[in-house]
Structures are given as structure tokens and as C-alpha cells.
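Every number here is computed from the coordinates shown, using simple stated rules; none is lab data. This structure is a prediction, so every number in the text was calculated from the model and none was measured. As a convention, Cβ positions derive from the backbone with ideal geometry for all residues, glycine included, and neighbour counts pool all protein chains shown.
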Amino acid sequence: MEDLGVCPRLRDAATGDDSDDEFFQLALSIHLVRSSHAFVNLFDLLMRLFATDEFRRRFRMRKNLFETIVAALVADASCNYFQQRLDATGLPGFLPEQKVTCALRMLAYASSADQMDEWMRMAESTALETLKVFCCSIRRLYGSEYLRKPTKYDLEALLDENEVRGFPGMIGSLDCMHWAWENCPTAWAGAYQGKEKEPTIILEAVASKSLWIWHAFFGTPGANNDLNVLEQSTLLDDLVNSTGPQVDVKRAFLLTNASHRILR
């Protein structure tokens, strides 16, 4: 046991009677602590070495945005999940940066929970729980600002921005994309499979030059085309019901592909 490099208590537990459980628990605890320290060292190194573009490529966001999200989640009064706490054994749990990195890896790279176990020593159940809490927390903290409908001021700003770009009257770009549904039930596959070779779910979105998503409609089966999706979405509800903000413009439009013809 001398070559394990562990504490005397662990060495004594391994050589005593009926000590398998205690040895395993102590070894696991030390392993988790070392994994946490290793992550901190690695993360600090990445923060120092990565240029802004390199950090953005790996984390799918800028460094200052990552730090802002971590700080907001830690300070969230409605949920203390991302605060570092002691676990059932009295040892420090996962760091906020570990949990946020886990959620971002699963979202940005489609990483599985098992991969988080291999890379960050985070159990599958914890990784899935972290992802779920992260999404709910982000929606609660930022949904009122980033998931809202455009106001009159927003529409005027979009029209002015696009007029400078040579597109007077354009609000934004409208398009649909298909997300592959790998675990689609066999009985539903026909409704969710269109021109693609696999079942998909359609996302309809309107985005501006700054990549701000002003409208999102998700969940339509992949067998539908873009026009079918438009008929089901809520994009034109405010126009039809005359409930949207009024803007002083003769004609406004959304830039689309050839399958759409949307003017107002």
C-alpha cells in the first residue's frame, strides 16, 4: 500500500478486518477531491492560456459571458444548486464552474452523461440533474429579456439597422431547421420523417443580424415542410389579431428562402 500515495487512515482501512467498504468510500472520496482540484487547475490554465477566440470555440461562448452566467447562477436566490456545498460525507461538492461546464458540454457538443462521468467524475444522474436545473435556471433568470416579443422600439431599431445594410423594411431572417430525433419511437417515425433519412423535429426561428432570436417555434414533426410549419406557428398571430406593436412603415418583411412569401 505504500505506493498508493494515500493518507495513513486509508492505508489502515485497507489492511484491517472487514474494511472493504470503508476502503472503497475513502478511496472514492479522495478521488473526487483530487478530481475537483484537477478540474480547478485545468480550468484556471485554460482561462489563462486560451485567447478569446479559442475559449469561444471550445465553450461555444465568450469568456466574459461564461463568467457572467456562473456568477448569476451562484447568486440566484431562488436556487442554490450551483453553489458549492458539502456532500453527505462532509467533503466539498462540485464547483459551480464544473456544473456549468457539464451543462454546456452536453448542450453544445451533444455529450452524453457517461462522458461527463469519464471526464469530470460526475455521475450520470448528477449530470442529467445539472443539465435540467441549468436550463430551468437560465430560463427563469433571462427568459423575460431574451424570450420576449419585440417591442415598438425593438422593431424600429431592427428596421433602421437593416436599412443601413441595404434592406429597407426588413425585420429579420426567417427559416426552419431540422433537429435529428435519435430516440424517436418507431410508431411515430413516419410522422417525423420527411426528406431527411431520419426522424426530425422542426425549429422555426426569426433572427436579427446580432443573432438575437426574436421568435422560436419548436416541436413540429419533421414530415412537414416550411409552409406547413408557418401555418401552425404563432409567428403571425399578433398580425392577424392586430395585437402587435404599431410601427410607422409602409411595408415590413422577413427575409426567407424561396418557399416563403411573407409581406406585411
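3J(HN,Hα) along segment 207-223: 10, 9, 4, 7, 6, 6, 8, 8, 8, 9, 9, 10, x, 6, x, x, 6 Hz, from the Karplus curve 6.51 cos²θ - 1.76 cosθ + 1.60 with θ = phi - 60°, whole Hz, x for Gly and Pro. Here the residues M61, M120, ranked from fewest to most Cβ neighbours within 10 Å of their Cβ, fall in the order M61, M120.
Ranking of E129, E97 by neighbouring Cβ atoms within 10 Å, starting from the fewest: E129, E97.
Listed by chain and number, the lysines whose C-alpha is less than 22 Å from the C-alpha of K63, apart from same-chain residues fewer than 8 away, are K99, K209. Here is the list for segment 146-192: trypsin sites (Lys or Arg not before Pro) lying in DSSP coil, each with at most 11 other C-beta atoms within 10 angstrom of its C-beta, are R148, R165.
Look at E204, E161 and count the other Cβ atoms within 10 Å of each Cβ; fewest to most, that gives E161, E204. Under 5 Å between amide hydrogens, built in the peptide plane, is the criterion, and for T200 it picks out W181, Q193, G194, G222 among residues at least 5 positions away or on other chains.
Qualifying trypsin sites (Lys or Arg not before Pro) in segment 50-125, where qualification requires a DSSP coil assignment and no more than 15 other C-beta atoms within 10 Å, comprise R60, R62, R85.
With the Cα gyration tensor of segment 152-255 in hand, give its eigenvalues times 5 under a square root as the equivalent ellipsoid semi-axes, listed largest first in whole angstrom. Can you show the working numbers first?
On the way: eigenvalues 208, 41, 20 Å².
They are 32, 14, 10 Å, listed from largest to smallest.
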